[in-house]
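Following: one structure in structure tokens, then a few remarks.
The values are calculated or read from the model by the stated rules, or taken from the named source; none is laboratory data. Values in this document were obtained by computation on a predicted structure and should not be read as measured data. Note: ideal-geometry Cβ built from the backbone for every residue, glycine included; neighbour counts use all protein chains shown. To get the accessible areas, we keep the full protein, side chains included, count just its heavy atoms, and leave off ligands, DNA and RNA. Shrake-Rupley method; radii C 1.70, N 1.55, O 1.52, S 1.80 Å.
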Amino acid sequence: MSQEVRTFNISQPCDLAIDKGKGFLFVSTKDGHIIKLKDFKKIVKSWTFPITTNDGEAHCSVPHVFALSPSNIFVLSVESREIFKFDLNLENRKIIKCNGIHSYPFGMSLDKDGVIYISVLSESKIFKMGQKDEFVPFVDMKKNRPLFFFELPLPSLLKISNDGFFYVLDAGGNRVLKYGKNGKFVSAWGGQGLKNGQFDDPNGLAIDLKGNVYVADSKNNRIEVFSENGNFISKIDRVENLNFSYPAGLTTDENGFLYVADLGNNRIVRMKCP
């Protein structure tokens, strides 16, 4: 594969989002920063999350997950169960409380109409934002799952494709679950292991314009690529003579590039999608 690789060093990158068409890449870091890059060359803005004490202990409210609309960036803070909404200059901050959600949210995505969806691992549910910023259940994975699942799905990350399908990382089963626009189960693939198509603690998910699905297979230190139906296409485990080390956040752009938050190597990697 011709990767056309470029890298940018950032300490402990967690998640990524690209402002398609404008050349801005947003990065969240494990120590609570949001960083804005221009043309993958320089940092043009950063913002640091405040210390929160919701659980009685002072800690940094680490940003884990991004979602972008044409005019705003949304950052999900797991610990405080809040969504921080900024304009694309990381200004004009608004806090959206995750009302109706009583456990830690782990994943977030926006549909084409800008509606926010959140996955809650401990409840095995996907919630949809309704009126007055109230989140209501959209998919109950305890009930809406295949019969051969012996354990409950634990939804971590969530991505919605351009054609409206929901792709969810199941942290418990090391799988990808696909749901339709109406929330009905469609398919699943993966499982614990090191073989092609298997995962160990996946922590990143992205979908390109062709509908291909990218999974950061974090503990196996690789990226796996699938068709929209879950057929294995390829894997990437090293770039520029350096193996991935716990890759996490993923995103793609309109020019056919894949961006990887290579957490253990303290870098962002940009390469051509396969």
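Residues that are in contact (Cβ under 8 Å) with a residue 40 or more places away in the chain, surrounded by fewer than 14 Cβ atoms within 10 Å (Cβ to Cβ) and in a loop (DSSP other than H, G, I, E, B) do not occur anywhere in region 134-144.
Taking into account only those residues within region 237-256 that are in a strand (DSSP E or B) and either free of Cβ contacts under 8 Å to residues at least 24 places away in the same chain or among the acidic types (Asp, Glu) (or both), which is nearest to residue 213 (Cα to Cα)?
Applying the first criterion (in a strand (DSSP E or B)) to region 237-256 yields 238-239, 242-243, 247-252.
Next, from what is left, pick out any that are either free of Cβ contacts under 8 Å to residues at least 24 places away in the same chain or among the acidic types (Asp, Glu) (or both): 238, 242-243.
Numbers: 238: 19, 242: 23, 243: 21 Å.
Residue satisfying both the conditions and the ranking: 238.
Every test in (1) open to solvent by 30 Å² or more (accessible area, probe 1.4 Å); (2) closer than 17 Å to residue 178 by Cα; (3) touching a residue at least 40 places away in the same chain (Cβ under 8 Å) is passed by residue 128 save one, and that test is (3). Considering (1) modelled with pLDDT of 95 or more; (2) surrounded by 18 or more Cβ atoms within 10 Å (Cβ to Cβ), the lone condition that residue 123 does not fulfil carries the number (1). Scanning region 191-216 for residues that are open to solvent by 60 Å² or more (accessible area, probe 1.4 Å) and not polar (S, T, N, Q), we see that the one that is nearest to residue 12 (Cα to Cα) is 194. Taking residue 245, is it within 19 Å of the chain's Cα centre (by Cα), of a type in the set (Gly, Ala, Ser), surrounded by fewer than 20 Cβ atoms within 10 Å (Cβ to Cβ) and at pLDDT 95 or above? Yes: the conditions hold for residue 245. Within region 27-43, restricting attention to residues that are assigned to a strand (DSSP E or B) and in contact with a Leu (Cβ under 7 Å, 6 or more places away or on another chain), the residue that is farthest from residue 247 (Cα to Cα) is 43.
In region 107-114 there is at least one residue that is closer than 20 Å to residue 176 by Cα and surrounded by fewer than 22 Cβ atoms within 10 Å (Cβ to Cβ).
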